[in-house]
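Reading through the structure tokens given below for one structure.
The values are calculated or read from the model by the stated rules, or taken from the named source; none is laboratory data. All figures in this text were calculated on a predicted structure; none of them were measured in a lab. Reconstructed Cβ throughout: ideal geometry from the backbone, glycine too, with neighbour counts over all protein chains shown.
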Amino acid sequence: MATVQQLLASPGATGSPGSTSGSPKVIKMEIERASQSPSLHNGNAFGGGTPQTGDHRVVVIVYGQGQDLIVSVFAEVLGKPYKMRDSFKDVGHEERGHVVGILAADAKSDVEFRNSENVVAINAHCTGLGMPPDLHLSAHCDYEFLYTESPFFRRDLARFTSFVLGQISHHKELMEKPRTYFISTTFPDVRAALPNIDILTVGADAVEIRVDLLREPLADGSFSQVPSLAYVGEQVMLLRQRTELPLIFTTRCTRENGRFPMDDPELYYKYLYRAIQWGVEYIDVELWLPEHMRQKLYENRGSSRIMSAFHDFTGNFRWPSSYAYDVFRRSSQYADIVKMIAIINEHNENFELEYFRSKVRSEHPEAPPLSAVNMGETGQFSRTLNKVFTPVTHPLLPIIAAPGQMSTAEINAALSLLGQLPKKNIYGISSVASRSATPLAPFYEKCLNELGLPHHFAIVERHPGNPGSIEPFCNQKGFGGAYLDPGFSHHSLIKASPFFSSLNNGSGPSLTEAARVIGIFDTIVVQSASSSTSNSSPPSVPSSPHRRAHDGHGPVYHHSALPPNTTLILDNASWKGIMSALTRDLAPSAYAGRSAVVLASTSDDAAAVFYAMKALRIAKIYTIGFRTPSSLARNAPPIEQFISLESLQRARSVADETAPFVIVSALGPDKSHLVGMMIRAFGAVGGHVSNTKKVFLNLADEATWNKSDPGTVAEKSGFTAYGAADVAAFTTVESLRLLIGQNVPYSFVRLASGRSLF
Ligand SMILES: O=C1C[C@@](O)(C(=O)O)C[C@@H](O)[C@@H]1O
């Protein structure tokens with residue numbers, strides 16, 4: 001314990017984030033410059049995609065014979081204890097706060113009579129045992145989770161659970177993005193896609209499974225006309241186990257270039273409703289289906305979102321027609337996204353579509369977002385202009401899903417040719433001391449190539465003692481943004497850089513809420529002011545001393561090389577990387593109301609952790625190794641510093657679910673004994689929610705640790721351990737989204753950095 005006291009006696013230097021010189025601004029996401037403007041979340045929320053409390057009902061897991069273990073996994077993922085019961089009638093209000101398991105054979109007797117206000121029922125079915133799920137249970141449970149025992153994908157279970165229970169939803173975040181794409185897979189069997197799924201999905205925000213194109217082999221060597229629900233369920237499961245992207249479930253009818261027969265609309269309902277039960281994020285519902293059916297699907301969509309779909313292959317469709325407006329109106333009634341797709345005859349009709357798009361947007365601002373493209377070669381131009389869920393293909397797919405479909409790289413190349421995607425210089429700014437072992441430059445180049453983006457990427461170094469040394473990279477016409485590894489205080493940047501402090505008419509660069517609260521920025525995003533509601537005058541206009549809100553210190557800056565109407569926004573991507581790593585195998589509710597121990601030698605190293613903890617609703621943070629400045633503490637969960645052995649013992653003796661559950665350490669190998677001590681102190685006690693493994697996250701660079709790697713020590717003490725590489729990969733996903741506006745899946749980042757996930 002001497003080490004604890006020694007460390008506590010000499011608290012490390014604290015950064016002093018606090019009030020900012022630039023007030024956060026709300027940034028409107030309508031953009032002109034194609035995909036280059038990022039989506040940023042300002043204001044006091046954490047932004048789209050952050051955890052919600054979700055469904056409060058008792059979660060009942062219906063499990064198969066010999067599969068009782070799955071109940072404890074659900075409970076662990078949700079951070080709850082569990083009980084076994086014999087029937088739904090035994091589940092009362094006393095079971096609140098628990099996960100309850102009921103054997104499938106028992107659940108059948110009263111599943112449809114359960115009290116739905118108190119209970120949410122999930123039918124968990126293991127597909128590897130040779131039997132399809134029980135039809136009665138499938139039909140009557142709220143949701144159905146299909147899984148394989150070996151390999152078992154815990155991440156898939158965490159994702160399914162978080163989604164169906166409303167704790168995580170990506171829809172809002174996706175709709176805030178300037179451009180979204182989905183890849184239409186056209187495989188007869190998704191197994192063929194799995195080896196390439198990482199590369200196939202670079203640039204995609206969602207993956208469409210074309211259920212009508214699946215071909216289920218039959219015993220006689222032929223294929224069933226409509227793949228069975230059991231086959232489709234397994235295909236959805238296999239795909240979801242391998243991609244973290246939201247899925248789109250499509251049963252395209254024969255009249256609209258698909259293979260699903262149209263003589264029985266009830267069949268569509270059956271498949272589409274089952275997809276909702278499987279927790280598929282987007283359900284494609286064709287407009288020709290009877291209205292009562294579309295309404296019912298919309299009203300019972302749970303966490304899923306409905307994408308209304310309309311295709312016209314007649315060649316007679318006209319965008320400037322009352323029919324087109326009527327299609328939009330009817331689609332909007334029961335949709336979260338309206339999709340309208342038509343064959344056109346002349347290039348001019350692409351402009352008619354653009355007029356239609358802008359008209360419905362201005363006349364019906366409350367209507368769902370419109371995804372609209374034209375088919376065929378003539379219609380390709382419209383595929384470059386559509387911004388909401390543009391369907392894309394990939395050279396590795398067996399066939400294109402519709403005439404004229406383009407890949408993301410082709411769309412970007414076209415935008416680039418049209419001058420809509422000017423070449424930019426994007427930087428990775430490291431300090432010499434921190435130069436990362438990961439070869440990020442080749443990785444970024446790989447992504448830019450794969451996406452057909454014209455940008456140039458370079459890793460550059462800043463002087464560690466001089467934050468202003470980043471100025472020359474940013475103050476240039478072609479500056480396209482940068483990530484910084486490590487990030488640093490925006491106060492120190494503004495103090496040291498006349499260029500940055502002169503921005504926004506002298507009030508400094510814009511800050512996102514995360515960067516403001518955390519005090520550290522690690523990403524610089526470039527946004528043209530045409531896309532912003534900001535009232536500030538363009539930073540490129542040299543400010544005269546008497547016009548500026550300049551504080552009189554330092555020189556007045558007259559030499560901005562940024563193009564007119566450009567805003568630089570400082571953001572923090574690391575906190576999202578931390579949150580994503582912590583929720584990879586656990587639902588957010590596993591953290592809510594619990595406490596954490598954070599070890600660091602400066603508050604700067606802990607600031608992003610605090611922000612992630614707040615988003616996860618952690619109730620209390622114990623700190624060791626640093627003092628938390630009040631500006632940081634104000635925006636964090638309640639903090640208690642371990643100042644003595646007694647305070648440590650007090651935390652160890654907490655006997656309920658508020659006992660420390662997660663340890664995050666940013667300490668390097670020189671403090672390994674202290675990290676080890678904390679792991680042992682909290683690993684051995686406090687397991688009162690006994691089925692739940694605690695979490696250890698090591699933020700210090702793994703490469704610097706030798707065999708005493710604390711992750712290994714933590715695993716031996718019963719923790720689930722995550723390392724800096726996990727956080728770095730998730731942070732890279734976020735940085736890419738911010739800098740180039742496109743989604744590069746986590747699995748691709750891990751793969752490209754030399755470690756496959758599977
Ligand atoms: O609705 C659409 C759009 C699409 O038809 C296209 O035109 O790219 C391709 C389909 O797979 C998808 O379901």
Residue satisfying all of: in the stretch 286-303; assigned to a loop (DSSP other than H, G, I, E, B) and closer than 14 Å to T251 by Cβ; nearest to the ligand (Cβ to nearest atom) among these: L287
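Could you please find all residues in the stretch 321-339 being of a type in the set (K, R) and within 15 Å of the ligand (Cβ to nearest atom)?
Taking the stretch 321-339 and keeping what is of a type in the set (K, R), we get 329-330, 339.
Within the stretch 321-339, just K339 meets the criteria.
Take the residues in the stretch 345-369 that are away from the ligand (no atom under 16 Å from the Cβ) and aliphatic (A, V, I, L, M), then tell me which one is nearest to L287 (Cα to Cα). Outline the logic, then answer.
Step one: filter the stretch 345-369 for residues away from the ligand (no atom under 16 Å from the Cβ), giving 345-348, 351-352, 354-356, 358-367.
Pick out the ones that are also aliphatic (A, V, I, L, M) and you get 360, 367.
Values: V360: 18, A367: 16 Å.
For the stretch 345-369, the residue satisfying everything is A367.
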In this structure, is A729 closer than 19 Å to L667 by Cα and modelled with pLDDT under 95? no
Counted residues, the stretch 471-497 - those being assigned to a helix (DSSP H, G or I) and more than 17 Å from G519 (Cβ to Cβ): 4
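This table checks each residue for (1) crowded, with 20+ Cβ neighbours inside 10 Å; (2) more than 30 Å from A592 (Cβ to Cβ); (3) more than 14 Å from the ligand (Cβ to nearest atom); (4) within 14 Å of the chain's Cα centre (by Cα).
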position: G166; (1), (2), (3), (4): no, no, yes, no
position: H170; (1), (2), (3), (4): no, no, yes, yes
position: F182; (1), (2), (3), (4): yes, yes, no, no
position: P195; (1), (2), (3), (4): no, yes, yes, no
position: A204; (1), (2), (3), (4): yes, yes, no, yes
position: V211; (1), (2), (3), (4): yes, yes, no, no
position: E216; (1), (2), (3), (4): no, yes, yes, no
Search result, residues across the stretch 205-252 that are of a type in the set (K, R) and more than 14 Å from W278 (Cβ to Cβ): R210, R215, R242, R252
Across the stretch 382-397, what is the number of residues that are within 9 Å of the ligand (Cβ to nearest atom) and under 10 Å from E410 (Cβ atoms)? 3
Any chance the stretch 465-476 includes a residue that's out of contact with any Phe, Trp or Tyr (no Cβ under 9 Å at 6 or more places or on another chain) and at pLDDT below 90? yes
Residue that is farthest from the ligand (Cβ to nearest atom) [pool: residues in the stretch 225-243 that are modelled with pLDDT of 95 or more and in a loop (DSSP other than H, G, I, E, B)]: S228
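Listed residues I276, I248, I283; which is assigned to a helix (DSSP H, G or I), in contact with a strand residue (DSSP E or B) (Cβ under 9 Å, 6 or more places away or on another chain), β-branched (V, I, T) and within 24 Å of G49 (Cβ to Cβ)? Lay out the reasoning, then the answer.
Numbers: I248 fails: assigned to a helix (DSSP H, G or I); I283 fails: assigned to a helix (DSSP H, G or I).
Of I276, I248, I283, the one residue that is assigned to a helix (DSSP H, G or I), in contact with a strand residue (DSSP E or B) (Cβ under 9 Å, 6 or more places away or on another chain), β-branched (V, I, T) and within 24 Å of G49 (Cβ to Cβ) is I276.
Is it true that V460 is touching a helix residue (DSSP H, G or I) at 6+ places or on another chain (Cβ under 7 Å), within 16 Å of the ligand (Cβ to nearest atom) and assigned to a strand (DSSP E or B)?
Working: touching a helix residue (DSSP H, G or I) at 6+ places or on another chain (Cβ under 7 Å): yes; within 16 Å of the ligand (Cβ to nearest atom): no; assigned to a strand (DSSP E or B): yes.
Criteria not met by V460.
Take S416 and tell me if it is more than 16 Å from the ligand (Cβ to nearest atom), in contact with a Pro (Cβ under 8 Å, 6 or more places away or on another chain) and either farther than 27 Å from A309 by Cα or not in a strand (DSSP E or B) (or both).
Working: more than 16 Å from the ligand (Cβ to nearest atom): yes; in contact with a Pro (Cβ under 8 Å, 6 or more places away or on another chain): yes; either farther than 27 Å from A309 by Cα or not in a strand (DSSP E or B) (or both): yes.
It is true that S416 is more than 16 Å from the ligand (Cβ to nearest atom), in contact with a Pro (Cβ under 8 Å, 6 or more places away or on another chain) and either farther than 27 Å from A309 by Cα or not in a strand (DSSP E or B) (or both).
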Would you mind finding the one in A342, A402 that is crowded, with 20+ Cβ neighbours inside 10 Å, within 11 Å of the ligand (Cβ to nearest atom) and assigned to a loop (DSSP other than H, G, I, E, B)? A402
